[in-house]
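Worksheet: the structure to be examined is printed underneath.
The values are calculated or read from the model by the stated rules, or taken from the named source; none is laboratory data. Keep in mind it's a predicted model, so treat the numbers as computed, not measured. Every residue, glycine among them, receives a Cβ derived from its backbone with ideal geometry; neighbour counts consider all protein chains shown. We work out accessible area using only protein heavy atoms, side chains counted, and drop any ligands, DNA or RNA first. Shrake-Rupley method; radii C 1.70, N 1.55, O 1.52, S 1.80 Å.
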Amino acid sequence: MQEGSTGSEKLYQKVDMNILKFAEEFPDEAACRLDFKTKRENQGVICKKCSCKDHYWLKNKWQWQCKSCSFRTTIRSGTIMENSNLPVRYWYVCMALMSMTKKGISAKEMQRQLGLKRYQPVWSMMHKIRAAMGCRDAMYTLDGAVEFDEGYFTHGIKRGSKPKRGRGSQNKKNVAVIAESTPLEDMETGKVSRQCRYFKMKVLTSHEAVEIDDLVEESIEERSLVFSDKSTSYVNISDYVEVHIQEKSDVETTKTTLQWVHIAIANSKRWLLGIHHMIKGKYLQNYLNEFCYKLNRRYFGNRLFNRLSIALAKSYWHN
Ligand SMILES: [Zn+2]
């Protein structure tokens with residue numbers, strides 16, 4: 001049967017965005033630039049020089065001009081696209097492939113899909129998008145019943161250096177993983193299961209309580225109930241939240257009270273290995289940003305592309 005012929009509509013589900021629709025809506029650079037301009041205007045263009053929010057649109061120059069001080073703002077200025085030489089459309093294709101694919105794609109694959117000679121600009125674009133994802137998620141705090149734990153993530157080591165084993169090993173990063181996890185009780189059996197909502201992951205630089213304290217304070221609502229194991233770095237958590245319950249870490253807690261953080265740790269490790277292979281430790285946070293951003297929006301379906309393009313149209317230098 002010919003695709004798109006009469007009677008075949010049933011074969012297609014109604015979607016907000018997929019690769020066909022993307023190609024239709026963003027056929028060229030002009031369409032992408034117009035969409036980006038609209039999204040910036042919807043969020044409000046702010047003058048870098050005087051913070052004024054009123055602008056004229058200079059159609060011939062494709063720039064905004066501040067009504068108060070005449071300072072001009074280009075389409076990319078103030079956003080993460082600012083210093084990029086890549087066409088806006090490449091950013092759009094990159095966002096589309098990152099958001100529409102369930103598992104995301106590697107920078108090498110992105111380079112192939114974009115047909116670019118150089119790897120570095122693609123790699124850098126993807127990391128900037130991941131940073132924007134992180135900024136978006138940093139706007140939200142976790143609330144209610146919350147699981148808190150840490151995972152050790154292996155990353156690439158310098159050629160020639162021998163990997164050490166254990167907690168302080170140089171090719172492992174310690175990552176705090178936090179998950180909203182609502183206990184649900186089955187009224188008939190009395191069995192408790194847990195439903196997860198939002199996640200956060202943060203690469204830690206020390207094993208000290210003070211770092212955990214700061215993280216809890218900025219990431220979790222005060223009225224929350226936090227579950228964790230008996231790690232000594234968690235001694236002050238109760239100062240920042242309503243209730244802190246510490247249980248000895250064993251097989252049982254892994255399956256129950258700390259179920260979702262462990263699932264997230266396992267899945268993100270598998271994702272890192274499967275898609276991105278050996279990554280450098282200093283970029284781990286960016287990869288985790290992407291993992292959490294998509295995990296937190298797992299029910300968005302194909303609306304994710306639109307949300308991501310709105311996040312990118314935000315000026316990063318003000319909030
Ligand atoms: Zn101004």
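Here are some notes:
- Under a Gaussian network description of the chain, with springs only between Cα atoms under 10 Å, the residue in VAL93, VAL235, VAL177 that fluctuates furthest is VAL235.
- Our summary gives region 52-91 a relative contact order of 25 percent, counting only alpha carbon pairs under 8 angstrom and 6 or more residues apart.
- In degrees, nearest ten, helix 209-219 long axis to first principal axis of the chain (Cα): 50
- Residues in region 148-153 carry Karplus couplings, in order, of 9, 7, 10, x, 9, 9 Hz; the curve used is 6.51 cos²θ - 1.76 cosθ + 1.60 with θ = phi - 60°, and Gly or Pro positions show x.
- Two-site FRET efficiency, THR182 against LEU20, from Cβ-Cβ distance with R₀ of 51 Å, rounded to 0.05: 0.85
- Rolling a 1.4 Å probe over the protein heavy atoms gives the chain an accessible area of 58 Å² per residue.
- Gyration tensor (Cα) of region 94-237, equivalent ellipsoid semi-axes in angstrom: 33, 23, 15
- Amide proton proximity set for GLU150, modelled H, under 5 Å, gap of 5+: VAL177
- Helix 120-138 axis versus longest C-alpha principal axis of the chain: approximately 60°, rounded to the nearest ten.
- Residue-level accessible surface for CYS135, protein heavy atoms, 1.4 Å, Å²: 90
- Max mean-square fluctuation residue, GNM over the chain, Cα-Cα springs under 10 Å, options SER193, SER228, SER309: SER193
- Taking GLY190, GLY144, GLY301 in turn, the Gaussian network model of the chain (Cα-Cα springs below 10 Å) assigns the largest fluctuation to GLY190.
- Pairwise Cα separations in region 204-319 fall into 10 Å bins from 0 onward with the following percentages, short to long: 11, 29, 39, 19, 2.
- From its DSSP helices (H runs of at least four residues, each -39,500 (n - 2.57)), the chain gives a residue-normalised ellipticity at 222 nm of -11000 deg cm²/dmol.
- When the solvent-accessible area of region 87-237 is split by element, carbon and sulfur atoms take up 50 percent of it, the probe being 1.4 Å.
- Distance histogram in 20 Å bins (all Cα pairs of the chain, percent per bin): 27, 51, 21, 1
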